[in-house]
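Inspection log for the structure reproduced underneath, given as structure tokens.
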Amino acid sequence: MRVSVVIPVFNGMPHIPEAIDSVLRQRHDDLEVLVIDDGSNDGTRKAVSAYGAPVVLLSTDAPRSGPAAARNVGLRAATGDLIAFLDADDVWLGNKLAEQVAYMSGHPEVGLVSTNSRYWRPRPDGTYPSPDEAAAWADASAVSGDGGLSGWLYYEILLKPSTVWTSTVLMHRWLLDKVGLFNESLRLGQDYDYWLRASRHTPIHRLPGCHALYRQHEDNSTGRPRPVNFELQIFDSAMRRWGRLGPDGRSVPRNAVRERYHRLNFRMGYHHYWRGDPGVAMRSFAAALRWRPHAPKTWAYLMASSAKRIKRGGASAGLETRAE
């Protein structure tokens, strides 16, 4: 079966060659690697073009269209029976593709197979261990655990987006036909939205063992938070569209739904309290309290953010510097 690998990229140097090389090392002959450039200006296009077949360089219609638009360009161009995804700064390990293809050949009813993955952190000097070095200690730092977690996973994905990590996914074309393309209106969380939609149409199986590395950057947790809570939007949309009941008949407990709403709002408020807009923080904490009215920590942050909004700089003393 032909496999199409979809890799969106924007200013992917120096990491994009490692990502492509990790795909080309896979033991699968019928392969196309679709790298979709989203307006890079750092040499990415030159580096990708140098590979030649089976690597194909594509472009989004407009620069900085976002990863959803880039992936959709790749999905429209893909000719494979199976479709895989990889982010431009991550890598695959071992025989990931061969193991997934073999598994899907033996389980034609399964439309999507993922794997475990691990964090790939830089050394103190900012350089990264080689993928082979990182793979040797990969089991120590999980991104997605529960190796072998399989079944109708709407319940699990709804409550924990990292249940399916995009750079490990291999899916059937028939699932693409059912689910459609990524939602380009979402600037973040497009993959969470996509795997939720996929979970309504197919069982999802995860192979045990670490088959991919998720590169961590020093700036992953810095910068001003966004004004829109995309994860909350996606979760709320799923609840309105499908509710708590999964295709397998399992129902997410009401308390778990309330707690998820509370945490999503609290997290948004927390990030804005410390690094963003205290007005957004105040509204987010107020929304969180609608789901857990007796949460003392949330009340404390609501009052502090209200004061901070007025004073623009005060009222932060004594609060924990760690989100729930």
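The values are calculated or read from the model by the stated rules, or taken from the named source; none is laboratory data. Keep in mind it's a predicted model, so treat the numbers as computed, not measured. All Cβ positions, glycine included, derive from the backbone under ideal geometry; neighbour counts span all protein chains shown.
Residues are listed down the side, and each one gets a yes or a no for (1) aromatic (Phe, Trp, Tyr); (2) within 27 Å of Thr115 (Cα to Cα); (3) modelled with pLDDT under 95; (4) crowded, with 19+ Cβ neighbours inside 10 Å:
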residue: Ser40; (1), (2), (3), (4): no, no, no, yes
residue: Gly43; (1), (2), (3), (4): no, no, no, no
residue: Lys46; (1), (2), (3), (4): no, no, no, no
residue: Ser49; (1), (2), (3), (4): no, no, no, no
residue: Arg64; (1), (2), (3), (4): no, no, no, no
residue: Pro67; (1), (2), (3), (4): no, yes, no, yes
residue: Ala77; (1), (2), (3), (4): no, yes, no, no
residue: Asp87; (1), (2), (3), (4): no, yes, no, yes
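Scanning the range 22-54 for residues that are in contact (Cβ under 8 Å) with a residue 60 or more places away in the chain and under 23 Å from the mean Cα position of the chain (by Cα) yields Ser22, Val23, Gln26. Only residues that are surrounded by 18 or more Cβ atoms within 10 Å (Cβ to Cβ) and either out of contact with any helix residue (DSSP H, G or I) (no Cβ under 9 Å at 6 or more places or on another chain) or not in a helix (DSSP H, G or I) (or both) were counted across the range 20-38, and they come to 10. Here Ser59 meets each of (1) surrounded by 17 or more Cβ atoms within 10 Å (Cβ to Cβ); (2) more than 17 Å from Leu186 (Cβ to Cβ); (3) of a type in the set (Gly, Ala, Ser) with one exception, condition (1).
The residues listed here are Arg244, Arg224, Arg187; of these, the one that is surrounded by fewer than 18 Cβ atoms within 10 Å (Cβ to Cβ), modelled with pLDDT under 95, in contact with a helix residue (DSSP H, G or I) (Cβ under 7 Å, 6 or more places away or on another chain) and not assigned by TED's automatic domain parsing to the domain that holds Ala70 is Arg224. Picking from residues in the range 274-304 that are crowded, with 20+ Cβ neighbours inside 10 Å, at pLDDT 95 or above and over 17 Å from Arg260 (Cα atoms), the one that is farthest from the chain's Cα centre (by Cα) is Ala304.
Looking across Glu133, Glu156, Glu99, Glu184, one residue alone is of a type in the set (Asp, Glu) and in a loop (DSSP other than H, G, I, E, B). It is Glu184. Of the residues examined, Ser251 is not one that is under 18 Å from the mean Cα position of the chain (by Cα) and among the small types (Gly, Ala, Ser).
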